[in-house]
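Take a look at the structure set out below.
The values are calculated or read from the model by the stated rules, or taken from the named source; none is laboratory data. The model shown is predicted, which means the values in this text are computed figures rather than measured ones. Here the Cβ positions follow ideal geometry from the backbone for every residue, glycine too, while neighbour counts run over all protein chains shown.
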């Protein structure tokens, strides 16, 4: 009889030793839980500057996730969660020994898991690596929880739990739940609302307040009771919260298709963010477009861009006049590449002004010319002889612009356009040639509007700013303030007006500089400009490229631009009249230049068909001024005096500084191997 204390001690010692051994082995065998970020990957949310959604998309697993910091969750939610889920969270090491002891006896009595005793840390481990609910997985979760808390602070564990816990439907995390169920940020939740959310993760679907309000109310009150017991709230606060009814947020029915700006912003920043879009101005721009569609041919597509020049914020963007159109509604006309017609001319004149060899007062011939069989004409198919540069630009005469591009050099103009942010192809000099002056290269409305914003900033280019938190602003000077002042003065609405505004006295018109453009075949009509504070651009046409005689820049897009500067943005005072530009060694536009034969490819002297084994090394030699070689549309730097040609057809082009060219077609054929018997 006296041996039983010793036997009990042995049993207890053996049990403790066994438990210690099991724990140590488990600690060594069980790997720590890994947070791969998938549970906290934010669902895409693009907002306007006022925080209203422009575009929302669920994650790859169809869940809404909008993780936030613990500080942004307010005080009610964390307290409610700790009170109902883990009352000793702030004091235990990841596993609650008191709750665990209670659960062990309950589970042994029932021979199954009826009480989990899961701490918040254990629940985090389970949500990061889900597994069936068994005694074995419970033990693994406990080991992992102890390991997890060794490397993380309590506030980190609580923040993660609140960001990944399920809250009914496909909602993960407290921000997604708060916005969905109550329409407010978590920090603005009332105590009763926070208590309801804190109770949902126990059984998210069974306790959904929209489907089972009685069960949700009962669970909410239980959470409030626990908060009172744990001294998170006092009796009066508890009583007031208990009396509160459940009032869920009624989401407005919105069948509208998201604007193109939402998808563009998501493309620029897949993680989402708050954009610079002004929702009021965005809606007004769409309304203005719909108003003008009544005077345009049926099926017309319209795109618009508005940029605030001081900040370079994109404040409005409309990609399509009818987002519901199954064919064209999903095209973003603001970023589509289209021929700008004459809308590039201000920048070609600006490049000439920058050279110091040309000014608005200089004369330039408007006459018939021939360039390698190309005989360009003016829009009205007449020629006026000598005209000033100012008149040629205001009237958008084609031949003077071509002669000016020829005199300055296509490559210099292409370089200036690239500095203005226009995305041009690698072979822009060869591809555009002198046709650059009349829209020979395609650009986007967004980039071209930003180029006009550069004129408003006295020649300083800056990329378009699309997100509020984008602080970096890389500016560089493209044109001098003097050049911009002359372009702004000569193209001002007081000097020449868009259609519909020309009957008003000049001083009754709002001041803005502007330029229109019409592409070949009347496929694209443009009107763009700025008033110093806002740059605005409109494109009118058909996305499928079909032309229409009504698509003339001044008549189709011009009235849209005039109304936008009159009704959508504040008016601005006109700038002072600029001082004349000083010109030295002015450009010559005599016939000698226009009749010049241009560059010449000396070798090969004619088109060739060659047979060889493998690649063929073709000797090349050319003559001319400022030469550039292009092979199959790409600029090349010659390695010595030969160019390597693989079997196939090749186009070799030599371009001089004026955009003139000489071309050779070379075909390299694989020679047949001779067979010796």
If I filter region 199-217 down to residues being more than 26 Å from residue 126 (Cα to Cα) and in contact with a helix residue (DSSP H, G or I) (Cβ under 9 Å, 6 or more places away or on another chain), which single residue comes out as surrounded by the fewest Cβ atoms within 10 Å (Cβ to Cβ)?
210
Please verify whether region 283-303 includes one or more residues that are touching a helix residue (DSSP H, G or I) at 6+ places or on another chain (Cβ under 7 Å) and closer than 19 Å to residue 46 by Cα.
no
Total residues in region 611-667, condition surrounded by 12 or more Cβ atoms within 10 Å (Cβ to Cβ), farther than 28 Å from residue 438 by Cβ and touching a residue at least 40 places away in the same chain (Cβ under 8 Å):
6
Please work out if residue 543 is crowded, with 18+ Cβ neighbours inside 10 Å, at pLDDT below 95 and more than 25 Å from the chain's Cα centre (by Cα).
no
For region 557-608, which residues satisfy the criterion of being loosely packed, with under 15 Cβ neighbours inside 10 Å and at pLDDT below 80?
590, 591, 592, 593, 595, 596, 597, 605, 606, 607
Would you please name the residue that is modelled with the lowest pLDDT, looking only at residues in region 638-655 that are touching a strand residue (DSSP E or B) at 6+ places or on another chain (Cβ under 8 Å) and over 18 Å from residue 609 (Cα atoms)?
638
Look through 366, 301 and report the one residue that is more than 25 Å from residue 536 (Cα to Cα), touching a strand residue (DSSP E or B) at 6+ places or on another chain (Cβ under 9 Å) and crowded, with 19+ Cβ neighbours inside 10 Å.
366
Tally the residues that are within 18 Å of residue 242 (Cα to Cα) and in contact (Cβ under 8 Å) with a residue 24 or more places away in the chain, restricting the search to region 209-220.
5
Does residue 293 fit the bill of being at pLDDT 95 or above, outside the structural domain of residue 80 (by TED's automatic domain parsing) and over 19 Å from residue 77 (Cα atoms)?
no
